[in-house]
Amino acid sequence: TLDYTRTYSEFRDEVDTFARALISLGVKQGDHVAIWATNVPEWYITFWATMKVGAILVTVNTAYKIHEAEYLLRQSDTHTLI
């Protein structure tokens, strides 16, 4: 994704759109939203959208095995996994 370029305004619009999507999924302030992704632009959009909603971002190591990720998600009381 080296060709990903956005103006600040375009990036903000993407963050706002994703924040609304999180809200439509029932995410609210204080909920835990986990992201299981590498260093891609969507990671940053998810980060800022989660902050905008007032939720807490939980990052999942992409090298985790399924049982490790399951443990993390249960322990962190994750509401939504991205």
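Numerical summary
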item: In sequence order, calculated HN-Hα J values of the range 74-82 (Karplus, 6.51, -1.76, 1.60; Hz; x Gly/Pro); result: 5, 5, 8, 6, 5, 7, 9, 10, 9
item: Whether the range 1-44 is rounded, prolate or oblate, judged on the alpha carbon gyration tensor where a/c under 1.5 counts as rounded; result: oblate
item: Average Cα contact separation per residue, the chain, under 8 Å, 6 or more apart, as relative contact order %; result: 36 percent
item: Cut-off 13 Å between beta-carbons: net charge of the residues surrounding residue 76, Lys and Arg +1, Asp and Glu -1; result: -3
item: Around residue 15: net Lys/Arg minus Asp/Glu count, Cβ-Cβ under 14 Å; result: -1
item: Residues of the range 1-31 with amide N under 19 Å of a point placed 7 Å along Cα→Cβ from residue 39; result: 1-6
item: Unit charges on C-beta of K, R, D, E only; dipole of the chain, Debye; result: 160 debye
item: Sites residue 7 and residue 29 - FRET efficiency at Förster radius 22 Å, r taken between beta-carbons, to 0.05; result: 0.15
item: Rounded D (µm²/s) - the range 8-81, Kirkwood Rh over Cα pairs, Stokes-Einstein at 4 °C, 1.567 mPa s; result: 103 µm²/s
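Any read-out appearing in this document is the output of simple, stated calculations on the displayed coordinates, not a laboratory observation. Fair warning: this is a prediction, and the values are worked out from it, not measured in the lab. Cβ atoms come from the backbone with ideal geometry, glycine included; neighbour counts cover every protein chain shown.
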